[in-house]
1. Using a 1.4 angstrom probe on the protein heavy atoms only, line up Asp242, Asp187 by accessible area, largest first.
2. Which sequence of His191, His127 reflects their accessible areas, 1.4 Å probe, from the largest down?
3. Under a Cβ-only charge scheme (Lys and Arg +1, Asp and Glu -1), can you give me the dipole magnitude of the chain about the Cα centre, in debye to the nearest 20?
4. Evaluate the relative contact order of region 6-201 (contact order divided by residue number), counting alpha-carbon pairs under 8 angstrom at least 6 apart; express in whole percent.
5. List the lysines whose alpha-carbon lies under 16 Å from that of Lys185, not counting same-chain residues fewer than 8 positions away?
6. Based on the alpha carbon coordinates of region 102-201, what radius of gyration and maximum Cα-Cα distance (Dmax) apply, in Å?
7. Per residue of the chain, what 222 nm ellipticity follows from adding -39500 (n - 2.57) for every DSSP H run with n ≥ 4, rounded to the nearest 500?
8. Under a straight-distance cross-link criterion of Cα-Cα below 18 Å, which aspartates and glutamates are reachable from Lys255, leaving out those fewer than 8 residues away in the same chain?
Amino acid sequence: MSEAGVAWQRRGSIALVTLDRPERMNALSRALVARFGEIGREVAADEAVRLVIVTGSGDKAFCAGADLKERAAMSQEEVRALLLAYETELGWLETCPVPTLAAINGAALGGGLELALLCDFRIAAQHAVLGLPETSLGVIPGAGGTQRLAKLLGEMRAKELILRAARLTAPEALMLGLVNQLMPKSDSFLHEVMAWAEPILAGAPLAVRAALRAVRGAATRELREGLALERDAYEVCLRSEDRLEALAAFNEKRKPVYQGR
Ligand code: COA
C-alpha cells in the first residue's frame with residue numbers, strides 16, 4: 001500500500017481503489033486526496049478498465065471523512081485549498097466514462113459519504129453507518145455533500161440528514177434510497193459486491209458507457225435536451241460491431257461475445 005494511504009490495482013476489468021489508513025479509519029488526509037487524483041489519471045489511461053470500485057480496508061470504516069487530527073493543525077487557507085482539492089482530485093469518479101461503485105465496507109461519514117456520493121452505485125455492508133455529521137463539528141459538508149445529497153434524495157431529506165447530523169444504519173440508508181443494496185458483513189463482502197456488478201461487465205462495453213452517459217446527463221438537462229443526448233448516445237451503439245454480434249447471437253441462440261467495438 002502506498003504511503004498516501006490509497007492504492008489501486010486492476011482485477012480483470014475492474015479498477016479496485018482501496019483506502020487504507022486503518023489507524024485513522026481511512027480518513028481523507030491531504031496526501032490521500034492528492035494520490036486519489038493521480039489514481040484517477042492512471043485509471044483513465046488504462047483502457048481495459050470497465051468498472052471502478054472504491055472501498056476501504058478492513059471492516060470498520062469505508063472512510064471516516066476528513067482527517068480530523070490533521071485538520072486540527074491546518075490554517076484556514078490550507079482548509080480552503082483542501083476543499084478545492086476535493087473537487088479536482090476526487091471529482092473524476094463522477095465524470096469517469098465507466099461506472100463507479102462505492103463498496104461501503106463500514107462507516108461512511110462526512111467526506112467518506114461524500115466520496116461515495118460521487119459514485120454511480122453504493123453498496124453497503126449491513127453494519128455500515130452513513131451520514132454527514134459536519135454541523136456537529138462546526139462546519140458543513142465541503143466535498144459536494146449538500147448538493148449531491150439534495151439531488152439524490154430531494155431537499156427535504158437532505159436538510160433533515162445534514163441539519164440533524166444524522167448517522168443512519170445501513171437498512172435506514174437503503175430505505176431512503178441512499179444506497180442501492182445491502183450485503184451481509186462477511187469476509188467475502190467485496191466478492192459479493194463484484195458478483196452484484198457482474199451484469200454490468202456482461203453488457204456490451206460501448207452500450208454500458210453510452211447508457212451511463214445518457215442517464216448521468218438527465219440530471220442537468222431539460223427533457224428535450226436529454227432526449228437529444230439519448231439519441232446521440234444511441235448512435236454510438238448503432239454503429240458498433242457489438243450490436244450486430246448481439247443480434248446474431250440472439251438468432252443463433254448463444255451468448256454474445258463482445259469486443260467493445
Ligand atoms: N480523522 C482522524 N482520525 C479518526 C477519524 C477521523 N475522521 N475517525 C476516527 N479516527 C481515529 C480515532 O481518533 C481513533 O484513533 P485513536 O485510537 O488514536 O484515538 C481511531 O480512528 C479509531 O476510532 P474509534 O472512534 O475508536 O473507532 P470506532 O470503531 O469506535 O468508531 C467511527 C469509528 C468512524 C464511527 C468513529 O471513529 C467516528 O465517528 N469518527 C469520526 C467521523 C466523523 O465525524 N467524520 C466527519 C468528519 S467532518
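1. Asp187, Asp242
2. His191, His127
3. My answer is approximately 420 debye.
4. Computed value for region 6-201: 18 percent relative contact order.
5. Leaving aside lysines fewer than 8 places away in the same chain, those within reach of Lys185 are Lys60.
6. Here Rg and the maximum Cα pair distance are 13.3, 43 Å.
7. When only DSSP H runs of four or more count, the value is -13500 deg cm²/dmol.
8. Cα-Cα hits under 18 Å: Glu198, Glu241, Asp242, Glu245.
The values are calculated or read from the model by the stated rules, or taken from the named source; none is laboratory data. Just so we're clear, the structure is a prediction, and the values are computed from it rather than from any experiment. Every residue, glycine among them, receives a Cβ derived from its backbone with ideal geometry; neighbour counts consider all protein chains shown. For the accessible areas, the whole protein counts, side chains as well, though only heavy atoms, and no ligand, DNA or RNA atoms are used. Shrake-Rupley method; radii C 1.70, N 1.55, O 1.52, S 1.80 Å.
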